[in-house]
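Here's the structure, in structure tokens; my notes come after.
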Amino acid sequence: MNGRPIGVFDSGVGGLTVLRHIRAVLPRADLLYVADSGHAPYGDKSAAFIEARALALADFLLSRGAGALVVACNTATAAAISRLRERHALPIVGMEPAVKPAAEATRSGVIGVLATSGTLESGKFAGLVQRFGSQARVIVQPCPGLVERIEAGDFDGPLTRDLLSGYVAPLLAQGADTLVLGCTHYPFLAPLLRELAGETVSLIETGEAVARQLKRRLAETDFSFEAGGGAARFFSSGDPARLEALLPRLWGRAEPVEAIG
Ligand code: DGL
């Protein structure tokens, strides 16, 4: 059997940082991407609300033939991945902040985790810190307002700079030499983060590792995901024109975006 697309979703454009890695490791896979921009940001919403959105988006992607799902969002993974896996017997890959690699990489013994409140307050994140936190001191930093700046396409304007430097400075002041980008939107701010944090601080994101994990999971299934034409289709629950305007910069080419309810 062949021709199954991979369904990927996030609250908005953040998941594109993961989609780019998926495209790199699976160049011939057909991809479906949903930006749930009509309900973004997820970061300060209840876990029940995010779970309901994740279930609805998964249903949509499956109705379009998806044979595997990637929850390209740390917040939605924390809130909904268990329920998604209970409900659907197909490969489902999620994201979590890279606490383990950061704890292994730090030289100062202090790591900073930038993520949404939803991720940082989740039981899943508490479990991560319990497992790997003994190797390093873990300082968490919720970043309200940052996702909205990224959704607006503002990656280094004055408002974004002020917000981000306010979030990063306390981590550096406490000795963090390793920063975990625990939200899929934040890799778009990596150049600014590098400028604010300096060359000696390590920035750790998980998009590439997740793409490789997806490839391994797909190899265990009976479906072929690599026999497609390498097409990508984009959907938005918000204003499709907004995503369309950002795609050339964030995906590297212009693509049409279809509206979903
Ligand atoms: N990109 C998402 C994450 O990885 C969520 C951002 C948001 O909508 O608050 O957590």
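The values are calculated or read from the model by the stated rules, or taken from the named source; none is laboratory data. Since this is a predicted model, take the numbers as computed values, not measurements. Quick reminder, even Gly has a Cβ in these numbers, built from the backbone with ideal geometry, and neighbours come from all protein chains shown. Surface areas here come from the heavy atoms of the whole protein model, side chains and all, with no ligands, DNA or RNA. Shrake-Rupley method; radii C 1.70, N 1.55, O 1.52, S 1.80 Å.
Could you check how many percent of all C-alpha pairs in the chain are farther apart than 23 Å?
Tail fraction, whole percent: 49.
Distance between Cα centroids, the stretch 110-142 to the stretch 1-37: provide it in whole Å.
Using only Cα atoms to place each centre, the spacing works out to 27 Å.
Determine the dipole magnitude for the stretch 142-245: charges of +1 sit on the beta-carbon of Lys and Arg, -1 on that of Asp and Glu, nothing else is charged, the reference point is the Cα centre, and the result goes in debye to the nearest 20.
220
Round to the nearest 0.05 the FRET efficiency obtained for A126 and D239 when R0 = 45 Å and r is the Cβ-Cβ distance.
0.80
Per residue of the stretch 148-160, what does 6.51 cos²θ - 1.76 cosθ + 1.60 with θ = phi - 60° give for ³J(HN,Hα)? Whole Hz please, x for Gly and Pro, Karplus curve as stated.
For the stretch 148-160, the Karplus-derived couplings read 4, 5, 5, 4, 7, x, 9, 9, 8, x, x, 5, 5 Hz, x marking Gly and Pro.
Can you give the extra length, in nm with one decimal, that the chain gains between S46 and A89 once fully stretched, where that is 0.36 nm per residue apart less the Cα-Cα distance?
Length gained between S46 and A89: 12.9 nm.
List every residue whose amide H lies under 5 Å from the amide H of R137, counting only residues 5 or more places away in sequence or on a different chain, with H placed 1.01 Å from N in the peptide plane.
Those qualifying (amide H under 5 Å, at least 5 residues apart or on another chain) are V110, I111.
When the accessible area of the chain is computed with all protein chains present and a 1.4 Å probe, what percentage of it is carbon and sulfur?
Exposed carbon and sulfur together represent 51 percent of the surface.
What does the C-alpha gyration tensor say about the overall shape of the stretch 35-142? Classify as rounded when a/c is under 1.5, otherwise prolate if a/b is larger than b/c, or oblate.
Note, shape of the stretch 35-142 comes out prolate.
Would you compute, from DSSP H runs of 4+ residues alone, the mean residue ellipticity of the chain at 222 nm, taking -39500 (n - 2.57) per run and dividing by the full residue count, rounded to the nearest 500?
Helices in the chain give a 222 nm mean residue ellipticity of -13500 deg cm²/dmol.
Using a 1.4 Å probe and ignoring any ligands, DNA or RNA, find the accessible area of R131 and quote it in Å² to the nearest 10.
The accessible area comes out at roughly 140 Å².
Tell me, what ³J(HN,Hα) does each residue in the stretch 240-251 have, in order and in whole Hz, if you take phi through Karplus 6.51 cos²θ - 1.76 cosθ + 1.60 with θ = phi - 60° and put x for Gly and Pro?
Each residue's phi maps through the Karplus curve to give x, 4, 5, 5, 4, 5, 8, 4, x, 7, 9, 10 Hz.
What angle, in degrees between 0 and 90 and rounded to the nearest 10, separates the Cα long axis of helix 16-25 from the longest principal axis of the Cα atoms of the chain?
60
Taking 2.2 N^0.38 Å as the expected size of a compact globular protein, what ratio does the Cα radius of gyration of the stretch 181-230 give against it, to two decimals?
Dividing the Cα Rg of the stretch 181-230 by 2.2 N^0.38 Å gives 1.64.
Using alpha carbons only, how many angstrom separate the centre of the stretch 50-104 from the centre of the stretch 237-261?
The two parts, judged by their Cα centres, are 21 Å apart.
What spacing in nm lies between the two simple spin-label points modelled at R20 and D162, each 7 Å away from Cα in the Cβ direction?
2.7
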